[in-house]
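Okay, so here's the structure we're looking at.
The values are calculated or read from the model by the stated rules, or taken from the named source; none is laboratory data. The model shown is predicted, which means the values in this text are computed figures rather than measured ones. When we count neighbours, we look across all protein chains shown, and the Cβ atoms used for this are built from the backbone with ideal geometry, even at glycine.
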Amino acid sequence: MRSSILLFCKRHHLLDISAYLVLMVGGILLLLKGAEDQGYYWQWFRIPKFLYHFEDGRFIAGPILEGLKITLNITWISLILTYIIGLVTALMRLSNSLLARGVARTYLEITRNTPLLVQIFFMYFVIAPILDIDRFTAGVLALSLFEGSYASEIYRAGIVAVNKGQWEASYTLGLGTYQNYRYIILPQAIRRILPPLTSQAISLIKDSSLVSVIAIYEMTMNANEIASETFLVFEIFFTIAAIYLALAITLSQVVAYFEKRYRVVS
Amino acid sequence: MSAKQFGDYIIRVDSIGKTFDNGVVALKNFSTNIRRSEVVVLIGPSGSGKSTFLRCLNGLEEIDTGSIIVDGILLDDNKKNRLEIRKEVGMVFQHFNLFPHLSVLKNITLAQMLVRKKSKGEAEDEAMQLLQKVNIAEKANVFPSQLSGGQQQRVAIARALAMKPKVMMFDEATSALDPEMIGEVLEVMKNLANEGMTMVVVTHEMGFAKEVSDWVIFMEDGMKVEEGTADHFFSDPKMDRTKLFLSQIL
């Protein structure tokens, strides 16, 4: 253990590590000083009850954890949809069909070049009544379509980066286009684009807070309400920021593990 | 050169032309017929259209004019025909193009299972036999990146043979190899020729062309300059251009 710490220090230059620590401690002190100068009265002790409490020995989730549940629901459904929409759009853009390319291109330009907030409103007030869908579905759809357009560009980059010789080799062996994608091209592309796809997932987690504008009571919405009722602005928002941070870091660690495991030796 | 028996024409190429999108003319009015069991070697300076010709034969490039018939099937826009021809024509590339995410064994079994609909067991048996044939059976479970260039190319040959093709095409199969590895790949190609495989070979290995080929075609600017049996071609070329080329490389 000791020797591994020593090795770590040696490898990363003691100076670098000290500089990092000084920067972090300095940042935190600055933050505390700023709050103190404003005469902010920290009341962290009031926070736990918004997270959870016990009633007759039973665990009861507070508004923040209730909101987290909604946030997680929105996120995982949107994430799956995002990856599907992204892949389909990428394949459409790479196909020979003019129609498919045109549709994909139009979708891409519209969703990437307008604000997500506007898209959520549009989905809820214009599309939802037509399709008769509830606000949760509308929010999930808006999010997925928005993130899907970015994901599609990631897929496309990954697919295009696979050596042309791979296509030729599998065509020569008699594989069709579907088999080619399924067994040769995508397995190689996915390994390369795992890191940017993870960033996309993290964006999605954070962007999920925007669906609060159509009154979906996810974590940020609930936090906002508590903050305006109790004036515990810093405490509440630091708390949910920490939760978002924990979610994002967990996700990237899981992906990093898979990335290591399925790395292509090349 | 030998008392080799040839069959009927398996490949009929009738005055094909190909111009690339950038305006480069790769093939001009090129015709040739290839018989079963014949080994045809294409030689010529780079950019003369040799590789393009091979790539047209299995539809990797589309021809603009003329026609190609392989084993009685017309190569046209019909997807089914094209797939059928690709099953019958194996191809070995300069840069091997093995699938880096699959083991050597899976490189060879994948298309057998997907295209020839063989069971996993059958495909693996076939793969192991072919790996033995190209002297590399002990590497069945490693990944391509762990092999030398010569070993990779031998695996690529085994992969193509696993489809039981009627024609094998070699597109500068030894050009990317270190000199000491060229021999082992040529050896495999010679054995194939001796077994009666129909082969179309683009190569700069004149030794191989002299020793193994039944017919040599010299190309330049997408056209046939001269052709003939290996004996005739190397010892008694007629055209000045051919003489010049041979004097430069021999």
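Could you tell me how many of the residues in segment B:59-72 are surrounded by fewer than 21 Cβ atoms within 10 Å (Cβ to Cβ) and within 13 Å of another protein chain (Cβ to nearest Cβ)?
Filtering segment B:59-72 down to residues surrounded by fewer than 21 Cβ atoms within 10 Å (Cβ to Cβ) leaves B:60-62, B:64-69, B:71-72.
Pick out the ones that are also within 13 Å of another protein chain (Cβ to nearest Cβ) and you get B:60-62.
Counting residues in segment B:59-72 that are surrounded by fewer than 21 Cβ atoms within 10 Å (Cβ to Cβ) and within 13 Å of another protein chain (Cβ to nearest Cβ) gives 3.
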**Fill in**
Of the residues in segment A:163-181, those that are within 7 Å of chain B (Cβ to nearest Cβ) and either in a helix (DSSP H, G or I) or of a type in the set (Val, Ile, Thr) (or both) number 7
**Prompt:** Does B:Asp171 satisfy the criteria of being over 17 Å from B:Met91 (Cβ atoms) and among the charged types (D, E, K, R)?
**Reply:** no
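Being in contact with a helix residue (DSSP H, G or I) (Cβ under 6 Å, 6 or more places away or on another chain) and away from chain A (no Cβ under 14 Å) is the requirement here; does B:Gly150 meet it? So that I can check it myself, show each step before the final result.
Values: in contact with a helix residue (DSSP H, G or I) (Cβ under 6 Å, 6 or more places away or on another chain): yes; away from chain A (no Cβ under 14 Å): yes.
The answer is yes for B:Gly150.
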**Hits in segment B:208-222 - residues which are out of contact with any helix residue (DSSP H, G or I) (no Cβ under 8 Å at 6 or more places or on another chain) and either crowded, with 18+ Cβ neighbours inside 10 Å or closer than 23 Å to B:Gly90 by Cα (or both)** = B:Ile217
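Does B:Glu138 fit the bill of being more than 12 Å from chain A (Cβ to nearest Cβ), over 21 Å from B:His101 (Cα atoms) and either in contact with a helix residue (DSSP H, G or I) (Cβ under 6 Å, 6 or more places away or on another chain) or outside any loop (DSSP other than H, G, I, E, B) (or both)? Spell out how you get there, then give the answer.
Numbers: more than 12 Å from chain A (Cβ to nearest Cβ): yes; over 21 Å from B:His101 (Cα atoms): no; either in contact with a helix residue (DSSP H, G or I) (Cβ under 6 Å, 6 or more places away or on another chain) or outside any loop (DSSP other than H, G, I, E, B) (or both): yes.
Taking the combined requirement at face value, the residue does not satisfy it.
Here is a list: A:Ser209, A:Ser149, A:Ser144. Which entry is over 20 Å from A:Val88 (Cβ atoms) and more than 9 Å from every other protein chain (Cβ to nearest Cβ)?
On the way: A:Ser149 fails: over 20 Å from A:Val88 (Cβ atoms); A:Ser144 fails: over 20 Å from A:Val88 (Cβ atoms).
Checking each option against the conditions leaves just A:Ser209.
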**Request:** Please identify the pairs in which a residue from segment B:223-241 that is surrounded by 14 or more Cβ atoms within 10 Å (Cβ to Cβ) has its Cβ atom under 9 Å from the Cβ atom of a residue that is of a type in the set (A, V, I, L, M, F, W, C) and in a loop (DSSP other than H, G, I, E, B), counting only partners at least 6 apart or on another chain.
**Result:** B:Val225/B:Met239; B:Glu226/B:Met239; B:Ala230/B:Met1; B:Phe234/B:Leu250
**Asked** Assuming B:Ser145 fulfils every condition listed in (1) in a helix (DSSP H, G or I); (2) surrounded by 24 or more Cβ atoms within 10 Å (Cβ to Cβ); (3) within 12 Å of another protein chain (Cβ to nearest Cβ) apart from one, which condition is it?
**Response** (2)
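If you check A:Ala19 against the conditions, is it over 20 Å from A:Val233 (Cβ atoms) and either part of a helix (DSSP H, G or I) or more than 27 Å from the chain's Cα centre (by Cα) (or both)? Walk me through it before giving the result.
Values: over 20 Å from A:Val233 (Cβ atoms): yes; either part of a helix (DSSP H, G or I) or more than 27 Å from the chain's Cα centre (by Cα) (or both): yes.
Here the answer is yes, as A:Ala19 does meet what is asked.
Yes or no, residue by residue, for (1) of a type outside the set (Phe, Trp, Tyr); (2) crowded, with 19+ Cβ neighbours inside 10 Å; (3) at pLDDT 95 or above; (4) farther than 17 Å from A:Ala201 by Cα:
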position: A:Arg112; (1), (2), (3), (4): yes, no, no, no
position: A:Ala128; (1), (2), (3), (4): yes, yes, no, yes
position: A:Phe146; (1), (2), (3), (4): no, yes, yes, no
position: A:Tyr155; (1), (2), (3), (4): no, yes, yes, no
position: A:Ile159; (1), (2), (3), (4): yes, yes, yes, yes
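Check segment A:61-82 and report whether any residue there is part of a helix (DSSP H, G or I), in contact with a helix residue (DSSP H, G or I) (Cβ under 6 Å, 6 or more places away or on another chain), farther than 21 Å from A:Asn224 by Cβ and not hydrophobic (A, V, I, L, M, F, W, C). Give the derivation first.
Here is the first cut: in segment A:61-82, the residues part of a helix (DSSP H, G or I) are A:63-82.
Next, from what is left, pick out any that are in contact with a helix residue (DSSP H, G or I) (Cβ under 6 Å, 6 or more places away or on another chain): A:63-65, A:67-68, A:71, A:74-75, A:77-79, A:81-82.
Within this subset, residues satisfying the condition of being farther than 21 Å from A:Asn224 by Cβ are A:77, A:79, A:81-82.
Going one step further and asking which of them are not hydrophobic (A, V, I, L, M, F, W, C), we end up with A:82.
Yes; the residues of segment A:61-82 include at least one that is part of a helix (DSSP H, G or I), in contact with a helix residue (DSSP H, G or I) (Cβ under 6 Å, 6 or more places away or on another chain), farther than 21 Å from A:Asn224 by Cβ and not hydrophobic (A, V, I, L, M, F, W, C).
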**Prompt:** For residues in segment A:34-55 being exposed (fewer than 10 other Cβ atoms within 10 Å of the Cβ) and over 20 Å from A:Ser228 (Cα atoms), which is nearest to the chain's Cα centre (by Cα)?
**Reply:** A:Phe54
**Message:** So A:Ser97 passes all but one of these: (1) of a type in the set (Ser, Thr, Tyr); (2) surrounded by 11 or more Cβ atoms within 10 Å (Cβ to Cβ); (3) modelled with pLDDT under 95. Which condition number does it fail?
**Reply:** (2)
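List the strands (runs of 3 or more DSSP E) inside segment B:19-111, counting only whole elements, that have at least 1 residues being among the small types (Gly, Ala, Ser) and touching a Ser or Thr at 6+ places or on another chain (Cβ under 9 Å).
Numbers: elements: B:25-35, B:39-43, B:65-70, B:89-92.
Counting at least 1 such residues, we get B:25-35, B:65-70, B:89-92.
So that you can scan it fast, the table gives a plain yes or no per residue for (1) surrounded by fewer than 11 Cβ atoms within 10 Å (Cβ to Cβ); (2) under 30 Å from A:Phe237 (Cα atoms):
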position	(1), (2)
A:Val25	yes, yes
A:Leu29	yes, yes
A:Gly57	yes, yes
A:Ile60	no, yes
A:Leu79	no, yes
A:Ile84	no, no
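Within segment A:189-202, does at least one residue satisfy the condition of being more than 22 Å from A:Ala248 (Cβ to Cβ) and within 14 Å of another protein chain (Cβ to nearest Cβ)? Show your work before the answer.
Residues of segment A:189-202 that are more than 22 Å from A:Ala248 (Cβ to Cβ), as a first pass: A:189.
Narrowing further to those that are within 14 Å of another protein chain (Cβ to nearest Cβ): A:189.
Among the residues of segment A:189-202, at least one is more than 22 Å from A:Ala248 (Cβ to Cβ) and within 14 Å of another protein chain (Cβ to nearest Cβ), which makes the answer yes.
Looking for whichever is free of Cβ contacts under 8 Å to residues at least 24 places away in the same chain, buried (at least 16 other Cβ atoms within 10 Å of the Cβ) and over 21 Å from the mean Cα position of the chain (by Cα) here; the options are A:Asn163, A:Asn180. Which one fits? Steps first, please.
Working: A:Asn163 fails: buried (at least 16 other Cβ atoms within 10 Å of the Cβ).
Selected residue: A:Asn180, the only one of A:Asn163, A:Asn180 that is free of Cβ contacts under 8 Å to residues at least 24 places away in the same chain, buried (at least 16 other Cβ atoms within 10 Å of the Cβ) and over 21 Å from the mean Cα position of the chain (by Cα).
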